[in-house]
1. Quick one: which strands (runs of 3 or more DSSP E) sit completely within the stretch 285-356 and have at least 1 residues that are open to solvent by 40 Å² or more (accessible area, probe 1.4 Å)?
2. Check the stretch 471-480 and report whether any residue there is among the basic types (Lys, Arg) and either in contact (Cβ under 8 Å) with a residue 40 or more places away in the chain or not assigned by the TED database to the domain that holds residue 419 (or both).
3. Quick check on residue 68: is it open to solvent by 70 Å² or more (accessible area, probe 1.4 Å), assigned by the TED database to the domain that holds residue 138 and not small (Gly, Ala, Ser)?
4. Search the stretch 422-460 for residues being touching a residue at least 12 places away in the same chain (Cβ under 8 Å), touching a Phe, Trp or Tyr at 6+ places or on another chain (Cβ under 7 Å) and among the charged types (D, E, K, R), and hand back the single one that is nearest to residue 477 (Cα to Cα).
5. Given (1) hydroxyl-bearing (Ser, Thr, Tyr); (2) over 16 Å from residue 481 (Cβ atoms); (3) at pLDDT 90 or above, where does residue 532 come up short, assuming only one miss?
6. Anything in the stretch 556-570 that is within 22 Å of residue 285 (Cβ to Cβ) and acidic (Asp, Glu)? List them, or say none.
7. Which number in (1) of a type in the set (Gly, Ala, Ser); (2) farther than 24 Å from residue 135 by Cβ; (3) open to solvent by less than 40 Å² (accessible area, probe 1.4 Å) marks the one condition that residue 48 misses?
8. Within the set of pairs 6 or more residues apart or between chains, which connect a residue that is open to solvent by 40 Å² or more (accessible area, probe 1.4 Å) inside the stretch 188-203 to a residue that is not aromatic (Phe, Trp, Tyr) with Cβ atoms less than 6 Å apart?
Amino acid sequence: TDLRPLDILSEVVPHSGLARGMRVFQVQGVRGFQLAASRPRALGFPASRLFIHCDHFPEEFSIIVTLRVLSVPTKRNEYVFTLMAEESPGVLVGLRYAPDKLHFLFWSQERAGGWQTCVTFPNVSLSDNQWHTLVLAVSGQSFSLTVDCSTPTDVVVETPFPTSLSVKRASFYLGNRRRRKGLFTGLLRQLVLLPGADATPRICTTLNFKIATLSVPTALQDLPVKPASNEVLKYPYETDTKVTLGSRPPCTKQEKAQLWFNASQRGLYLCNGSTWISMLEVKQRLDYVEEYQNLVTNSETMGIEVFTIPKVGLFAATANRYNPPGSAIYKWTDGKFVPYQNIPTYQAQSWKYFTIGKKIFLAVANFEQNDRGQEFSVIYKWSHRKEKFVTYQRITTHSARDWEAFVIEGEAFLAVVNHREGNNHNVDSVIYRWNPRTGLFETNQTIPTSGAYDWEFFTIGPYSFLAVANTFNGTSTKIYSHIYIWLSGSFQLFQSILTFGAADWEVFRIGDRVFLAVANSHSYDSGMLAPSNFYTINSSIYELNITAQMFVKFQDILTYSALDWEFFSVGDDSFLVVANSFDGFTFSVNSIIYRWQGYEGFVAAHHLPTVGCRDWEAFHTAEGSYLLYSSAKEPLSKVLKLKTT
């Protein structure tokens, strides 16, 4: 075999075109084979075509598969491939999957009669209509499965893979075991056998892990070129798509993969099952910003959260300072936010909207005790019957500033920032894990923080990160904020960055580049000579350096007690807007929109008059794009409309 990759899939495809029973489909921009059930034997070839110099299967090897699996009924198994002797119905080597499981089969002939061993990998969720790349590495009794370059799952069994498995008079069968039953119904893009090595390091070198490639048949590579004159495409591909004209149609699971052409805006859109994604349109550019709505709030607003409840509408929740009257939820109605629900809160700092399965939640971070002297923050659950949020779970917190919700490896988490306990700013903030059995959040991990203001969760490839904005340790705001990485079931320190009263982290991507911006609010140190202005300081943007495996400073921007960054896009242009709150003399300070200018970095583009600006939220409706800002100094927030050309 010369330890070269052996492309099983390519062997089934004749040079003159496609084999009978094979069709090419393109889904999500990626092409794969669909197999027909009528002629399973036509999707096979003799093993001798791969094993030219040796008639034994490798003792150590990797199998690399890229596939897109459709929903598989319970108790049904589908075969990705099999290797079978011509005179026997038994499977010498095979790979099959069932709902949430993957099975690797092999035949051991070292004892009289032989027997088949099945190595099972549980909790392998492939039936999500997405592309996935699997790497199965086999060595003796050890079997390792890596899905989309995530953490490998290792299984050790009593029976080792045979050292001399004969493949004489045996054939490979693609997507079946020589019978129609168990035929593979999804799309197959890559099926490669790599003898003598673990292929994971060779595969996991790209950012698009789900379609990482070692060897792909020619018919599935780049899109076919335009044929000359009346020449027929050598590898035609198909897609089950229709185009709708006129006003915006619904986009649900039934319309997934369908197209909509908006003639008025000259745009072509694709339904992803919930929203219309722009595929081709005349790109808009931001021209200017205009005041659209004065939103009178219950009291000064510390934070805002804009969210959409499917089939109900667009909402904005304001975290208001005083109770009564508490905080409010507004619903977007006839192009404006109107009051929808009031909720008792206690100097609320922020809201966080999140979902777990079909459950919809909204968590508030309360900064002060309630009327009974109890200090807790509250998770509310959306009642479909009442069409209101109702109290679901109370969690003890300490001057809570922020909630962050996220999912890791299918498990839901909720992290709270505890700012201080009494006069002690060096306290633990807490990460809670959702217990599906009890239906409650339970303490999972505590992390020491210093007067912290904000959590920011983000992922890069298969890795999950959580950044905390540490603000004040009791004597100084010049302290380190930390970035943590999820390893072995908990968050561990990844990098520390010196910040100055950090109030917010904002992660964003421009192309393949990953950035992290910090809002520095003020510079104070009890042991140092006071600066001329505590509040006029640089906030910084950091960029991920893949080689160094750390964030490095990209740009400093002069800000005035910055409390929030918000990233948004208009057409092909990227923007950052900063919440400037105080310049040392007045709360009436311009907040600024910065435009991404490539090599120049972010350049000031629009100066927006604000009063004690605390938080920004960008949102979109069918009528256009908007910014909403909250004021921590007056009971008035503003909706601004982005005017485009």
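The values are calculated or read from the model by the stated rules, or taken from the named source; none is laboratory data. Remember, it's a predicted structure, so these values are computed and weren't measured experimentally. Here the Cβ positions follow ideal geometry from the backbone for every residue, glycine too, while neighbour counts run over all protein chains shown. With ligands, DNA and RNA removed, areas are computed over all heavy atoms of the protein, side chains included. Shrake-Rupley method; radii C 1.70, N 1.55, O 1.52, S 1.80 Å.
1. It comes to 286-296, 301-309, 327-333, 336-343, 348-356.
2. Of all residues in the stretch 471-480, those among the basic types (Lys, Arg) come to 478.
Still in the running and either in contact (Cβ under 8 Å) with a residue 40 or more places away in the chain or not assigned by the TED database to the domain that holds residue 419 (or both): 478.
Yes, that holds for at least one residue.
3. So residue 68 fails the test.
4. Restricting to residues being touching a residue at least 12 places away in the same chain (Cβ under 8 Å), touching a Phe, Trp or Tyr at 6+ places or on another chain (Cβ under 7 Å) and among the charged types (D, E, K, R), the top hit is 454.
5. Result: residue 532 passes all but (3).
6. Correct list: 566 only.
7. Going through the list (1) of a type in the set (Gly, Ala, Ser); (2) farther than 24 Å from residue 135 by Cβ; (3) open to solvent by less than 40 Å² (accessible area, probe 1.4 Å), residue 48 breaks only (3).
8. From the stretch 188-203, the pairs are 196/3; 196/60; 198/62; 198/137.
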